[in-house]
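Trainee: First the structure, which I've put down as structure tokens, then a few questions once you've had a look.
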């Protein structure tokens, strides 16, 4: 059986953006949530499982200066860097499984549209939440497949979440600001329903 890293390296080595379901031309809801946090352009933002997502492109376009993109796949990050060209030097790139990631700085905003729903065990989810807490993030933006969303993605089983289920996962350190049900249309015309929640750190 392939390791999690081997699986994603193969995906990003064999599939182009138009061939994977998660591709968005413009990550509107992610940007809306980040804007709603009213953080400065110097705020530290980490995109967990960012892969070759275009979120980083739009954040750079808007003048954000302290962006980190983390992904388990080095190939995914290579593709993102190649797309950005010289602008890639303005981003911090981290190749790591999120479960092995030990934050070495404080982040103002933690964004994840791609990772949390792949964590199937309670132990993995507890570890993820502990890392989010340790990051010092004032705000979280977390998206997962909803209860009516896919049960698998890229050949892997996922955990589906209602709004209340997702909020409960982070209740130890964060309170819900807003949750939205998002219908994502894939590059090949199918639809996937997401639960997308914004959180604020408990005072």
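Trainee: Between residue 123 and residue 105, 0.36 nm times their residue separation minus their Cα-Cα distance comes to what?
Mentor: Taking residue 123 through residue 105 to full extension adds about 4.1 nm, to one decimal.
Trainee: Would the chain count as rounded, prolate or oblate if I go by the C-alpha gyration tensor, calling it rounded below 1.5 in a/c and otherwise prolate when a/b exceeds b/c, oblate otherwise? Before the final figure, lay out the partial values.
Mentor: Working: a/c = 1.28, a/b = 1.04, b/c = 1.23.
Rounded.
Trainee: I want the antiparallel fraction of DSSP beta bridges within the chain, as a percent rounded to 5.
Mentor: Working: 20 of 38 bridges.
Given both bridge residues lie in the chain, the antiparallel proportion sits at roughly 55 percent.
Trainee: Which value at 222 nm does the chain reach when only helices count, each DSSP H run of 4 or more adding -39,500 (n - 2.57), with the total divided by all residues and rounded to the nearest 500 deg cm²/dmol?
Mentor: Working: 6 runs with 58 residues, N = 203.
Calculated mean residue ellipticity at 222 nm is -8500 deg cm²/dmol.
Trainee: Still on this structure, please answer the following. Taking a spot 7 Å from the Cα of residue 95 along the direction of its beta carbon, which residues of the range 4-39 have an amide N less than 17 Å from it?
Mentor: 4-15
Trainee: PRE reach from residue 5 (point 7 Å along Cα→Cβ): which of the range 58-91 fall under 18 Å by backbone N?
Mentor: Those under the cut-off are 69-79.
Trainee: What FRET efficiency, computed as 1/(1 + (r/R0)^6) with R0 = 25 Å and r the Cβ-Cβ distance, is obtained for residue 58 and residue 165, rounded to the nearest 0.05? Could you put the intermediate results ahead of the total?
Mentor: Numbers: r = 29 Å, r/R0 = 1.16.
My answer for the efficiency is 0.30.
Trainee: Hey, another quick one. Where does each of 56, 158 land when they are ranked from fewest to most other beta-carbon atoms within 10 angstrom? Please report the intermediate quantities before stating the final value.
Mentor: Working: 56 26, 158 18.
Fewest to most other Cβ atoms nearby, the residues stand as 158, 56.
Trainee: What is the Cα centroid distance between the range 59-107 and the range 1-48, reported in whole angstrom?
Mentor: 10 Å
Trainee: For the range 26-201, what is the relative contact order in percent, using Cα pairs closer than 8 Å and at least 6 residues apart in sequence? If you can, show how the numbers build up before the last one.
Mentor: Details: 326 pairs, mean separation 32.7, N = 176.
Relative contact order here is 19 percent.
Trainee: Want the number for residue 82 to residue 19: 0.36 nm per residue separation, take away the alpha-carbon distance, what's left? Show your work: numbers first, answer last.
Mentor: Details: separation 63, 0.36 × 63 = 22.68 nm, distance 1.85 nm.
Contour length minus Cα-Cα distance gives 20.8 nm.
Trainee: So, one more: If the chain between residue 151 and residue 39 were fully stretched, how many nm would it gain, using 0.36 nm times the residue separation less the Cα-Cα distance?
Mentor: Working: separation 112, 0.36 × 112 = 40.32 nm, distance 3.42 nm.
Stretched fully, the residue 151-residue 39 segment lengthens by 36.9 nm.
Throughout, read-outs are computed from the coordinates displayed, never taken from laboratory work. All values reported here derive from a predicted model rather than from experimental measurement. Backbone-built Cβ (ideal geometry, glycine too); neighbour counts: all protein chains shown.
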